[in-house]
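Undergrad: Here it is: the structure, laid out below.
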């Protein structure tokens, strides 16, 4: 399955490759095959990048992104996941909830794996959930220059449901309420909508 809105971009190199191959055969001109090689490579790269596999949500709060955990800070409640070019770039809801706000903020384009990337261009989605507010920030990187949110204010989402995509390498930050406790560490690999990254701590005072 391809990410929403990516079919034209992914299939364009394939169509162009087929056109060059057809022309090479009809005109008996092998040199027309040469442009098809880089176009074919581009097709396979885009096919891998824009893949969007189905996921089965795990228990608790799940990761909003595929990639490597850069930060899981219990003091701030912030989880940061870096998405390399080879990771799936479709982002997902960490828990059932309602979209309270979606805000796009312009900024820099520092490499997504660096701490200063927090000042980069971003789209922040605030979710109202049963455990409290959860903020998911899709952050652009040096190569990633387009953030595509799928949800709008007022939408209801299910855990693991697709909420947006960042094109070509980036990071996602999620801020959880104090009732949540991380069960992943820096360096762990996680999968969006599937890997449990935090559990909710019961409040026994109630």
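No lab work stands behind these numbers, since they all come straight from the coordinates. Just so we're clear, the structure is a prediction, and the values are computed from it rather than from any experiment. So basically every Cβ, Gly included, is an ideal-geometry build from the backbone, and we count neighbours across all protein chains shown.
Undergrad: If one takes the longest principal axis of the Cα atoms in the chain, at what angle in degrees, from 0 to 90 and to the nearest 10, does the Cα axis of helix 7-27 lie?
TA: 10
Undergrad: Moving on to the next point. Using 7 Å Cα-to-Cβ label points, what is the residue 186/residue 103 separation (nm, one decimal)?
TA: 2.8
Undergrad: Between residue 33 and residue 178, how many nm apart are label points set 7 Å from Cα along the C-beta direction?
TA: For the pair residue 33/residue 178, the computed spacing is 6.8 nm.
Undergrad: If you line up the long axis of helix 36-49 against the longest principal axis of the chain, both from Cα atoms, how many degrees apart are they, to the nearest 10?
TA: Once rounded, one gets 10 degrees.
Undergrad: Among 38-45, 60-67, what's the highest-first ranking by average C-beta atoms within 10 angstrom per residue?
TA: Ranked from most to least packed, the peptides come out as 60-67, 38-45.
Undergrad: Provide the three semi-axes, in whole Å and in decreasing order, of the ellipsoid equivalent to region 35-103 as defined by the square roots of 5 times the Cα gyration tensor eigenvalues.
TA: Taking √(5λ) for each eigenvalue gives 31, 15, 12 Å, largest first.
Undergrad: Would you please calculate the Kirkwood hydrodynamic radius of region 61-200 over all C-alpha pairs and express it in Å, rounded to one decimal?
TA: When all Cα pairs of region 61-200 are included, the Kirkwood radius is 14.3 Å.
Undergrad: Looking at the chain as a GNM with Cα springs under 10 Å, which of 49, 182, 20 has the largest mean-square fluctuation?
TA: With Cα springs under 10 Å in the chain, the top fluctuation among 49, 182, 20 is at 20.
Undergrad: Can you pull the semi-axes for region 32-75, root of five times each eigenvalue of the Cα gyration tensor, sorted largest first, whole Å?
TA: Three semi-axes, in Å: 38, 14, 4.
Undergrad: Can you tell me what percent of all Cα-Cα pairs in region 7-49 are more than 11 Å apart?
TA: Cα-Cα pairs of region 7-49 separated by over 11 Å account for 58 percent.
Undergrad: Right, here's the next one. Take the alpha carbon atoms of region 75-138, find their radius of gyration, then divide it by 2.2 N^0.38 Å using N residues; give the quotient.
TA: Cα Rg divided by the expected 2.2 N^0.38 Å: 1.20.
Undergrad: Something else: Need the full-extension length gain, residue 85 to residue 118, defined as separation in residues times 0.36 nm minus the C-alpha distance. One decimal, nm.
TA: Here the answer is 10.0 nm.
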